[in-house]
Amino acid sequence: MARAFRLFAATIALCALVLQFWLMTKYPSSQSIAVTAVRFLSFFTIQTNILILVCMLAPALTPGSRVSELLSRPTLRTAVLSYSAVVAIIYFALLRDIGHDQGLERLADQVLHYVTPAMFFVDWLVWVPKGRTRWSAIGCYLIYPALYGAWTFLYGAISGWYPYPFVHARRLNYAHIAENLAGIACLIIAIPLLLLLLDRALAALRGKR
């Protein structure tokens, strides 16, 4: 059951990623394929969905490999789940009403921001062992978002392009950006805390059973 679900989820994620990249190559403002690829990979949403794809696909195809064992660890899967929750919440709160996406663009948005995070949550809920992730792991979870933020502002300073309007340094003043980043940081910290609370509650419940 877990293998079939993960193969299905990986297929959904892969199709959505391919669709989104293809759509980006068709934008009126699109650059060369190389620039489009860099911008595509500069979205936190895209990076997180690639993580979801790999975490679903590898254990389903090669369950006994070292890579699959690494990707099946509760600590790592909880980290990816926390990032996918950030993707869904920020999109719902800040981005869903920006623009007028229709048709395939709307489909890609909905799948990458809602469907794949929801499927990964189901996988974590049902098949990931509970009670094995340490509270200290939360500190490690912050490294990837911090590196992503550094890349975003570095690439933005060089190219003038930013993936999200709430971090656009050429349109917003520093105070506004700092306020946005503080709110996002609180969210990035709060989500894994809540997930680990749920993790402990589920572990206790299963222990009683």
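Since every read-out is calculated from the coordinates, none of them should be taken as a lab result. As the structure is a prediction and not an experimental result, all values here were calculated from the model. Because the Cβ atoms are built from the backbone with ideal geometry, glycine has one as well, and the counts that use them run over all protein chains shown.
So which DSSP H runs in the chain come out at 15 Å plus along the axis (Cα) with average Kyte-Doolittle of at least -1.0?
On the way: long enough: 2-25 (35 Å, 1.52); 44-61 (25 Å, 1.87); 74-90 (24 Å, 1.42); 116-127 (16 Å, 1.16); 143-159 (24 Å, 0.95); 174-208 (51 Å, 1.35).
The answer, listed by residue number, is 2-25, 44-61, 74-90, 116-127, 143-159, 174-208.
Quick one: Debye curve from the alpha-carbon atoms of the stretch 84-194 only, equal weights, vacuum; give me log10 I(q)/I(0) at q = 0.09, 0.10, 0.11, 0.19 Å⁻¹ to two decimals.
-0.30, -0.38, -0.45, -1.20
In a GNM of the chain with a 10 Å cut-off on Cα contacts, which of His168, His176, His113 has the highest mean-square fluctuation?
In the Gaussian network model the winner is His176.
Calculate how large, on average over all directions, the projected area of the Cα convex hull of the stretch 62-143 is; give the answer in nm² to one decimal. Spell out each step's value before the answer.
Details: hull surface 28.4 nm².
Approximately 7.1 nm², given one-decimal rounding.
Based on Cβ point charges of +1 for Lys and Arg and -1 for Asp and Glu, what charge dipole magnitude is obtained for the chain about its Cα centre, in debye rounded to the nearest 20?
Details: 18 positive and 8 negative charges, 154 e Å.
Using only the charged Cβ atoms, the result is roughly 740 debye.
Report, please, the projected area of the stretch 134-209 averaged over directions, based on the convex hull of its C-alpha atoms, in nm². Each step should come with its number before you reach the end.
Numbers: hull surface 23.5 nm².
Result: 5.9 nm².
Calculated FRET efficiency, Trp127 and Leu19, Cβ-Cβ r, R0 25 Å, to nearest 0.05?
Working: r = 27 Å, r/R0 = 1.08.
With R0 = 25 Å, the Cβ-Cβ based efficiency is 0.40.
Report Rg/Rh for the stretch 1-122, rounded to two decimals, where Rg is the Cα radius of gyration and Rh the Kirkwood radius.
Taking Rh as the inverse mean 1/r over Cα pairs, Rg/Rh reads 0.99.
Restricting attention to the alpha-carbon atoms of the stretch 2-208, what are Rg (one decimal) and Dmax (integer), both in Å?
Over the stretch 2-208's Cα set, Rg and Dmax evaluate to 17.7, 58 Å.
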